[in-house]
Amino acid sequence: MFDFIPEIANVTSVRPVTATETLYHIRLPNRPLGHLPGQFVQVSLPGIGEAPISIASAPGRDGFDLCVRHVGNVTEALRRLRAGDCVGIRGPFGRGVPLDEVMGRNVLIIAGGLGLAPLRSLIQYILYFRAKFKKAAVLVGARSPDALLFSKEYKAWRQDGDIDVRVTVDVAKAGWKGDVGVITDLIPHVPLPPADTVSIVCGPPVMYHYVLRTLSRLHQPQDHIFLSLERRMKCGTGKCGHCQINGLYVCREGPVFRYDRIVHVPEAVS
């Protein structure tokens, strides 16, 4: 039922995150969403359409968060929503982060731009179950300081979760005191042993090639790298073929893939 029939869900809060992104807290009236970090839902508005949106909060909470970038008909219409409004929800869909392969190890999260939204779900999960993980680090990259997502949460990630959070931007602005440069510049400075570290990566397509090259140079095993290819999805059930990449259906087989299983599909990470 969850695959094909939208459920009416309540928007309980709306919070601008940047000039182009908004965070919505959604609650299904009759069930928990029951998702894994890295999964997504289909969000619909009657008379306008439907769009796939990654889940930006950990499972087990009262409702779930969606971070929406307003770039199309559906997402622009979502900008008009207020607390108390309703949306249609289908899902969750796809394969998320395999927690059994991540727990008990060091975790390196590499997020570029909007890629931090689905990875925030995993970050929150680590915070809730901190004893199940070894050391954790989060690397965040954005075009500019005002494009950083969830920047007010970084302090809590560091202090409450003992997470090493490092941030860089492409272009600094007045008052910026952090790093300037590409996110790959941060990776060699994270003191995590590659053999016992799992890396999870999500960001713009151009980022993957350089991140993978850097991780390879640091001898990170391919089966310790997970990539979220949370782009190009549409129907969520593998029927429309919109997300198909050389035989891979991102919405069903992903969006989270272990790198050694897709290394033979260069189109997936380029």
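All of the numbers you see were taken from the coordinates with simple rules; none came from a lab. Note that this is a predicted model, so its numbers are computed, not measured. Cβ: placed from backbone, ideal geometry, glycine included. Neighbour counts: every protein chain shown.
May I ask you to verify whether residue 71 is part of a strand (DSSP E or B), touching a residue at least 24 places away in the same chain (Cβ under 8 Å) and not polar (S, T, N, Q)?
Answer is no for this residue.
State which residue is farthest from residue 121 (Cα to Cα) when the search covers only the stretch 186-238 and only residues that are small (Gly, Ala, Ser) and more than 19 Å from the chain's Cα centre (by Cα).
Filtering the stretch 186-238 for residues that are small (Gly, Ala, Ser) and more than 19 Å from the chain's Cα centre (by Cα), the one farthest from residue 121 (Cα to Cα) comes out as 216.
Of the residues 238, 175, 161, which single one is surrounded by 15 or more Cβ atoms within 10 Å (Cβ to Cβ) and at positive phi?
Testing whether each residue is surrounded by 15 or more Cβ atoms within 10 Å (Cβ to Cβ) and at positive phi leaves just 238.
Quickly run through the stretch 16-32 and pick out the residues that are within 16 Å of residue 87 (Cβ to Cβ) and either assigned to a loop (DSSP other than H, G, I, E, B) or not aromatic (Phe, Trp, Tyr) (or both).
Scanning the stretch 16-32 gives 22, 23, 25, 26, 27, 28, 29, 30, 31.
Name the single residue, out of those in the stretch 160-214 being among the hydroxyl-bearing types (Ser, Thr, Tyr) and in contact with a strand residue (DSSP E or B) (Cβ under 7 Å, 6 or more places away or on another chain), that is farthest from residue 268 (Cα to Cα).
Out of the qualifying residues, it is 168.
Within the stretch 135-148, is there a residue that is under 17 Å from residue 17 (Cα atoms), free of Cβ contacts under 8 Å to residues at least 60 places away in the same chain, outside any helix (DSSP H, G or I) and out of contact with any strand residue (DSSP E or B) (no Cβ under 6 Å at 6 or more places or on another chain)?
Yes, because at least one residue in the stretch 135-148 is under 17 Å from residue 17 (Cα atoms), free of Cβ contacts under 8 Å to residues at least 60 places away in the same chain, outside any helix (DSSP H, G or I) and out of contact with any strand residue (DSSP E or B) (no Cβ under 6 Å at 6 or more places or on another chain).
Conditions (1) in contact with a Leu (Cβ under 8 Å, 6 or more places away or on another chain); (2) surrounded by 15 or more Cβ atoms within 10 Å (Cβ to Cβ), marked per residue:
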{"site": "213", "(1), (2)": "no, no"}
{"site": "224", "(1), (2)": "no, yes"}
{"site": "245", "(1), (2)": "yes, yes"}
{"site": "252", "(1), (2)": "no, yes"}
{"site": "255", "(1), (2)": "yes, yes"}
{"site": "269", "(1), (2)": "yes, yes"}
